[in-house]
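Bear in mind that the values in this text are calculations on the coordinates, not laboratory data. Quick caveat: nothing in here was measured; it's all calculated off a predicted structure. Cβ sites come from the backbone with ideal geometry, for glycine too, and all protein chains shown count toward neighbours.
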Amino acid sequence: MTEFSPRYLKDYQVPDYKISTVDLTIELDDNKTIVTNVMNVIKSGEHQRALVLDGEHMQLKSVLINQTQIDSSQYQLSDSTLSITNLPEQFTLTITTEINPVANTALEGLYKSADVYCTQCEAEGFRRITYFLDRPDVMAVYTTKIIADKTSFPFLLANGNKVEQGNLANNLHYVTWHDPFPKPCYLFALVAGNFDLLSDTFTTTSGREVKLELFVDKGNLSRGEHAMVSLKKSMLWDEQQFNLEYDLDIYMIVAVDFFNMGAMENKGLNVFNSKFVLADDLSATDDDFFNVEAVIAHEYFHNWTGNRVTCRDWFQLSLKEGLTVFRDQQFSADMHSSTVTRIKNVKIVRAQQFAEDAGPMAHPIRPEKVMEMNNFYTLTVYEKGSEVIRMMHTILGDDAFKAGIELYFDRHDGQAVTCDDFVAAMSDASKTDLSQFKLWYSQSGTPELIVSDDYNSATNTYQLTIEQSYPQTHDKQEKQNLHIPINFELITNDNEPNQGGLLHSKEKTQTWTFDNVCSKPLPALLGNFSAPVKLNYHYNDQDLNTLMVDASDEFNRWDAGQKLFAGYIKQLVNNPELDLPLQIASALEQVLACNADNAFKAEQLILPSFDEMAAAIVEVNPGSLVRAITVLKGFIAEQLQVQFLQTYQSLCTSEFAKDGQAIGNRALKNVCLDYLSLLDGANALVLNQFTDANNMTDQLAAIKVAALNDLACFEDVMTEFATQWQGNTLVMDKWFTINALHNNENVVQRITGLLEHPEFSIDNPNRARALIGAFAFYNSEYFHNKDASGYEFLFEQLAKLNTINPQVASRLITPLIQFKSFDNNHQQLMKGQLQKLTKLESLSRDLIEKLDAALK
Ligand code: B3K
Ligand code: ZN
């Protein structure tokens, strides 16, 4: 493997030079795009050090200092840098480079795909466009002139406001944009193409009218409406919640089909994966609608948390991402059921972030060491980062938290700052000591709380003891005690009101004593998941049943059910013949019969996923875990067959609506279908739902259960679905995914065949994730097949993706590097594939970093 060296947070130094303005002229061409970059550069302090600019994958054409060309005696060029020496205090630097957008399959920097030129600069893509100080603490004012063919590229877009446009010879035209807000280069964007345009306006509280423009592929205008409505909701919410108004005259969003991630918050010009923009009633599921709204909100919220105040260096990524995820989660909770939204967030943390903490890439939300920055857009930085912000919100309360946000912007608007600066603003505004709390930023791993209690009926006192425990993480970091906020309620069956509130666990072991507790209470802990930790308290089934009904915190009611299921799944892993108690079914019968909203009921009926369970069991045999979950599910299905069928039928309606209640009804109906699909008569039921469906949620649910249970109708419904939706890229992604989930021993053959399907292309990240990713992440049975065919399949695809698109490869390797969760046999097989990967020629830095960590 090639050697790449990591960078360390501790080595941070302020840049030697500042760049105050950047004037770009970009003459677009498929293979020879010419970029002329005129910068005003100022030396920081007195020194004679060279100006070392970053640059990769391009050809240097010329370098001018104060309009005079310099030759290679004054500069040095390497694979990744351009160093210039003997520089005055201040000067104009003009650099011309040539790039090849069509050859750029990594989709970083400027690339062309599906007739659209598009850029992605975060984290370090700007250095593929021009030589620059590609680091977020170098902030400049940008002017961008784009030149391209007028017929093929009628829209030429960049950050800021449009200041000039005109025609040139040879059917060319140009548009010039100016962004008055200084920004780091990772927020630079350019798009050129032919689109349909959806226009609207938003008037801010202070009365400024902002133009809203959404660019979509031709013919897709109506599929952009939900995104536009979501954008306006987000703008209003940020004004109402945080007094944050939009600042430019125009806000543009472009949807593209080839994109490495969800979306990108470029100043004034967001670029989105079309998956998070396009949605209509027939082709998008309820989850799709939810996600479009959430991602639109997330990128919009970045305008303040990320763009107006940005990161000093990439180690601080959670400064903007954790905070912005928290903000989008709060927004979604306000737009929908807050409990169900919270449950969805928590499931991701428990199933995926906990696994990251337990795997070879364990890192704190502010990593200390990075080899490839793109590898650190992780569940830890985003989701755990958001949990850390949420804990501050819980500890300080909403008012003090908002005062902290206000102080943060007062102090740092227009700056590139650190996570310490954020916490300082929170601490100062609320006059709260957060020094111990700050350890959450530097400590990796999932804390575990070991809880015990004691009740004294003679004195009516109750003692609760909580111990913090820290499993060793892969980075071998020494752990300190954290400040952990624990929401609690003491549930008693007397008539006294329950005691409850917030405990602050700060020491290794701490005991709290409660007086006037008239009967032995049952503790309900971590209400609303008040901290991203594991909880260990010996609840028996009866306790969990009580919590499911009596906990005042809805999240805790749901969580008690999850604990009940998890306990039986663990037992079934070791003993599949275990006699399951009828009590499990009766608890769920109560859930079905009660008055709660159907979206919440649906969540209560869903069993913990394979990933959540794998994160909770040591060295599990994946096959045994899949079977344990299936046995429990089958048992519940049989016991509650009548109730599931009744509920299912009562929720089948011919009208389609999209309000919260209708969405909840569909969710519950499809959970019932999922159980019923394990029983006799499943095939007819599923076929019926598929045929009758008037929306994608129901149609997809039908083909999914057909795949998961390998029902007789599977091939037919898949063929019909593909015929109906061929050519619709986003729906065909779903079809590829369902193929990958097929619960059949020939699934590897099936998906290998699909690599040749006319609508499959490994170059398209959505497609690669839909087929290869879905198989590796979600077909737990066959990905982990003991003949290693699943691992082998992934190896082959990673070998290709390594050269085509390292970022996508690096995401998809995740299930292989997390081998430690599984038994020794599987570990060896997985490691075998990783070893093979290390032998590949020209292995990307992205994969090297992960392979190093996994095999070390
Ligand atoms: N900031 C971008 C992510 C960039 C990922 C770079 N590999 C999207 C977001 O978090 O909003
Ligand atoms: Zn973000």
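Here are some notes:
- The phi torsions of segment 212-224, fed into the Karplus equation with coefficients 6.51, -1.76 and 1.60 and a -60° offset, translate into couplings of 10, 10, 10, 9, 10, 4, 3, x, 10, 4, 5, 6, x Hz, rounded to whole numbers, with Gly and Pro shown as x.
- C-alpha long axis of helix 582-593 to longest principal axis of the chain, angle in °: 60 degrees
- By the rule of a C-alpha distance below 15 Å, with chain neighbours fewer than 8 residues away ignored, the aspartates and glutamates paired with Lys145 are Asp23, Glu27, Asp29, Glu164, Asp179.
- For segment 717-786, trypsin sites (Lys or Arg not before Pro) meeting the loop criterion (DSSP other than H, G, I, E, B) and having at most 13 other Cβ atoms within 10 Å: Lys786.
- Using alpha-carbon coordinates, inclination of helix 824-838 to the longest axis of the chain, degrees: 10 degrees
- Each peptide in 627-635, 776-784 gets a packing score, the mean of other Cβ atoms within 10 Å over its residues, and the list from highest to lowest is 776-784, 627-635.
- The chymotrypsin sites (Phe, Trp or Tyr not before Pro) of segment 1-50 that DSSP puts in a loop, and whose beta carbon has at most 15 other beta carbons within 10 Å, are Phe4, Tyr12.
- Compactness of segment 1-144 - radius of gyration and Dmax, Cα, Å: 15.4, 49
- Computed over segment 79-189: relative contact order in percent, which uses C-alpha pairs under 8 Å that are six or more apart: 25 percent
- Using just its DSSP H runs of length 4 or more, each adding -39500 (n - 2.57), the chain gives a mean residue ellipticity at 222 nm of -12000 deg cm²/dmol after division by all residues.
- Using alpha-carbon coordinates, inclination of helix 225-242 to the longest axis of the chain, degrees: 90 degrees
- Compared with the direct C-alpha span, the chain from Ala103 to Lys369 gains 92.7 nm at full extension, assuming 0.36 nm per residue.
- Restricting segment 428-486 to trypsin sites (Lys or Arg not before Pro) in coil, as DSSP defines it, with at most 14 other Cβ within 10 Å: Lys431, Lys476
- Rounded to the nearest 20, the Cβ-based charge dipole of the chain about its Cα centre (Lys and Arg +1, Asp and Glu -1) stands at 1380 debye.
- Relative contact order (percent, whole number), the chain, Cα cutoff 8 Å, 6+ residue spacing: 9 percent
- Asn493-Asp475 pseudo-label distance in nm [points 7 Å out on the Cα-to-Cβ vector]: 4.7 nm
- Across Lys18/Lys850; Lys232/Lys275; Lys369/Lys402; Lys275/Lys800; Lys10/Lys43; Lys150/Lys320, pairs whose alpha-carbon gap is larger than 30 Å: Lys18/Lys850; Lys369/Lys402; Lys150/Lys320
- In this label model, Asp200 and Ala722 are separated by 3.7 nm, measuring between points 7 Å along each Cα→Cβ vector.
- With a Förster radius of 25 Å applied to the C-beta separation of Ser789 and Glu619, the computed FRET efficiency comes to 0.70.
- Extension gain for Lys218-Glu164 works out to 16.9 nm (0.36 nm per residue, less the C-alpha to C-alpha distance).
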